[in-house]
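Laboratory data are not the source of any read-out in this text; all were calculated from the coordinates shown. Just so it is clear, the structure is predicted and the values come from calculations on it, not from any experiment. Here the Cβ positions follow ideal geometry from the backbone for every residue, glycine too, while neighbour counts run over all protein chains shown.
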Amino acid sequence: MFYISYIASELRRRKGRTLLTALGLAVGVGLVVAVSALSAGLDDAQDEVLEPLTGVGTDISVTRPIDAKGGFESLSKRERRQLQDENGDARIGLTNQGDPGDKFTTTSFLATTQLSFPASEVDEVASLDGVKSVAAGLTLNATTVSGTVPEDGGQDQPGVPSGGGGPPDNIDFKSTSVSGVDQAQKSLGAISAAQVSKGNWFSQGDSREAIVNTSYANRQGIEVGDTVMVKGKRLKVVGLATSPLGGQASDIYMKLDQLQQLADRKDRVNTLYVRADSADAVGAVSREIEQTFASSEVTDAQDLADRVGGSLQDAKDLAGKLGTALTIVALLAAFLIASLLTLSSVTKRTRELGTLKAIGWPQRKVVRQVTGEALAQGALGGVLGAAIGVGAAALITAVGPELKATVAEATQASGPGGGPPPGGGFGQGAVQAGSELIKLTAPVDAPLLLLAIGLALLGGLVAGSVGGLRAARLRPADALRHID
Amino acid sequence: MTLIKLNAVTKIYGEGATGVSAVDGVELRIDDGEFLAIVGPSGSGKTTMLQLLGALDRPTSGEVLFESTDMARMSDSELARLRSTTLGFIFQQFNLIPTLTARQNVEAALAPRGLPAAQRHGRAGHLLGQVGLAPRADHLPTQLSGGEQQRVAIARALANEPRVLLADEPTGNLDTTTGEEIMGLLQELWRSSGLTIVLVTHDRAIAAAAPRMVRMRDGRIEGDGPSEPVSAVREEAV
């Protein structure tokens, strides 16, 4: 087709104009590619931050907390009774521990503000639409009090120091968070097998085993193969688990039925870990659980995402707002530049276009010629822009700036003892403030490159339409009189 | 047989009091196969006349009849088709497309007809051969002399075997010798093909190549008759 060879000749022999127009579009779409890649990189970084949290396999966690922000006194009678039921053995009568001067050790399991519920609710939640699987968990604070029965014994001491003036000097308190895990559910629960960084997952038998949180293990000097004591029972440490970013993992994980037995909470649990059929179903399942189980608190991944902060979030916000604005402005500027250059080209080629009309080119073919040239420049700009964008993205990935991701503390009351609230977080104990440095990447995929080329072609089409309109309006006689 | 007829044709540029009458009530008849020159000083309206004859412009009033069809009443696309199939143009500035080779410039005139590439290519080569430019077919206009460029323009004008060739100062940008060569080429074409040629020039010596000369002044025809012999024109110039 002559039309094609004419376009090719124009682009080849008017290199300056072609490159200028193509570069104008290229810078615009290159910026789109770079900003989009950066945005995708920020999403990936956020996913990376959330992955350890969601990586436990849980989409939704269900708890039944009581809001005790105002302290025990602020609760209603019913709430107080419920709390006392859950923490009934929190008060330790030292006179019951022996004669004055006797040494004693006693352990109480406190649920603090997390009320328990029957394990049968697992089946009820599992029967809801959109639920793939459910695991139950029980997270408690094991408070061990040890020391010597005082001479003036008879004063009951609260299980935790804030209850009444603090313990006597010869009494030691040790608080350890313990989570009961259904060992059959390797990928759903307070901990998953994937989090075990050293050692193994629980065996399926009745042997007393524990998986210990790495940071707790480090503090206590615990290794795989050692034993830990929970309420006088020896548990063999079979594995160490790494806690997720910001997650206050329990110190010790043990088999659920063994914890229920030790804590005298047979068939009681205080956290349900729910996996939805798909990510899309999470919202609907959350709402359904909230409606079905009164006073339950449902936490999903979005709640966690909302708590991610730090420079990562700042960059994400910046990319979302400034990046979008910058992209729009750059694209508009690119389209404007391409249109102005095409208009200028049409003006410079007035006599040429007039000659085409004089030798019998119908108007539509003259317009097609101008538009075709602009579209070809758009295609070239798209390819160049994609290359610029890929280059910029590669540069960002190569430099790999580090962003700090912070997971803020969950807005939840701590227990009466001032310790971390057991449960109520996401898949783990409570999620507390923590931060992590994430290396930023800027991934570019094929759809993004196609979008870039498409935008450049659109720019070419806009420019071609503007130029074509000008060319269409040229009257041959006037065009031929035009002085170059 | 009358091919083109102008009836009381007026062309005014601008409007109202500021309007300038470039052609003023012109009556003219051009027969099929005629070779005529329109002469006149600058601003006499001769180029406007050529544009009206070539369907490049529409008259303000009057009729421009091509074989009894009023061109002023034809649509833009009908005029484009008429220009493509029946009329050929040669310009003082050659008006070649600078980014296309000599052959492609000739092919540009064939493009609206949608001929296959090979046929278009072959015809362009043949026409360039006719004007003595076959060896320069793949050169760009900037690589050709003025005379060669005008030959390419002539080949382009002849591409669609027009019935009328309209030439606007075809030698205006050429030296005397080259100008004479171009005029010789046009005369040869006229004699060999029976083409109707309308030549616009301010140079009466060039106009003398045409058997008929129409003299214009201030948009009006002030004389229409046989050309003066070239020798008489040259004596007058001396």
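Things worth noting here:
- Seen from A:ALA136, the other residues with C-beta closer than 9 Å to its C-beta sum to a net charge of -2, counting Lys and Arg as +1 and Asp and Glu as -1.
- Relative contact order of chain B: 27 percent, from C-alpha pairs under 8 Å at least 6 residues apart in sequence.
- Degrees between helix B:146-158 axis and first principal axis of chain B (Cα, 0 to 90, nearest 10): 80
- Across peptide B:108-117, the mean count of Cβ atoms from other chains lying within 10 Å of each residue's own Cβ comes to 4.
- Per-peptide average of other Cβ atoms within 10 Å, ordering A:279-290, B:40-51 highest first: B:40-51, A:279-290
- Only helices enter the 222 nm calculation for chain B: every DSSP H run of n ≥ 4 contributes -39,500 (n - 2.57), and dividing by all residues gives -10500 deg cm²/dmol, rounded to 500.
- Short to long, the 10 Å bins of the Cα pair-distance histogram for chain B hold 8, 32, 35, 21, 5, 0 percent of all pairs.
- Nearest-ten-degree value, helix B:76-85 long axis tilted from longest Cα axis of chain B: 60
- Likely footprinting exposure, A:TRP201, A:TRP361, fewest C-beta neighbours within 10 Å first: A:TRP201, A:TRP361
- Global form of segment B:32-144, assessed from the alpha-carbon gyration tensor, a/c cut-off 1.5: prolate
- Relative to the longest principal axis of the Cα atoms of chain B, helix B:117-130 runs at roughly 70 degrees.
- Sites A:GLN84 and A:GLN261, calculated FRET efficiency, Cβ-Cβ separation with R0 30 Å, nearest 0.05: 0.85
- Extension gain, A:LYS321 back to A:SER215 (0.36 nm per residue minus Cα-Cα distance, nm): 34.3 nm
- Distance in nm between pseudo-label sites at B:GLU161 and A:ALA8 (7 Å out along the Cβ direction from Cα): 3.0
- Panel order for B:TYR13, A:TYR273, A:TYR6, by other beta carbons found within 10 Å of each beta carbon, from fewest to most: B:TYR13, A:TYR6, A:TYR273.
- Other protein chain Cβ atoms within 10 Å, averaged over every residue that makes up B:54-65: 2
- Between the listed residues B:PRO170, B:LEU144, B:ALA155, the Cα displaced farthest toward the positive end of the dipole of segment B:143-238, a dipole computed from Cβ unit charges relative to the Cα centre, is found at B:ALA155.
- Per-residue mean of foreign Cβ neighbours for B:92-99 is 6 (Cβ atoms of other chains, 10 Å radius).
- Within chain B: Cβ-based charge dipole about Cα centre, in debye rounded to nearest 20 (Lys, Arg +1; Asp, Glu -1): 620
- Rounded Å value of the spacing that divides the Cα centres of segment A:350-389 and segment B:99-134: 21
- Overall, the anisotropy analysis places segment B:132-199 in the oblate class: the square-rooted eigenvalues a ≥ b ≥ c of its C-alpha gyration tensor yield a/c not less than 1.5, with a/b not exceeding b/c.
- Spin-label model, A:ALA387 to A:SER278: label points 7 Å out along the Cα-to-beta-carbon direction sit 4.1 nm apart.
- Split chain B at each of the GluC sites (Glu not before Pro) in a DSSP loop with at most 12 other beta carbon atoms within 10 Å, and the longest piece is B:68-238.
- Spin-label model, A:ALA194 to B:ARG113: label points 7 Å out along the Cα-to-beta-carbon direction sit 7.2 nm apart.
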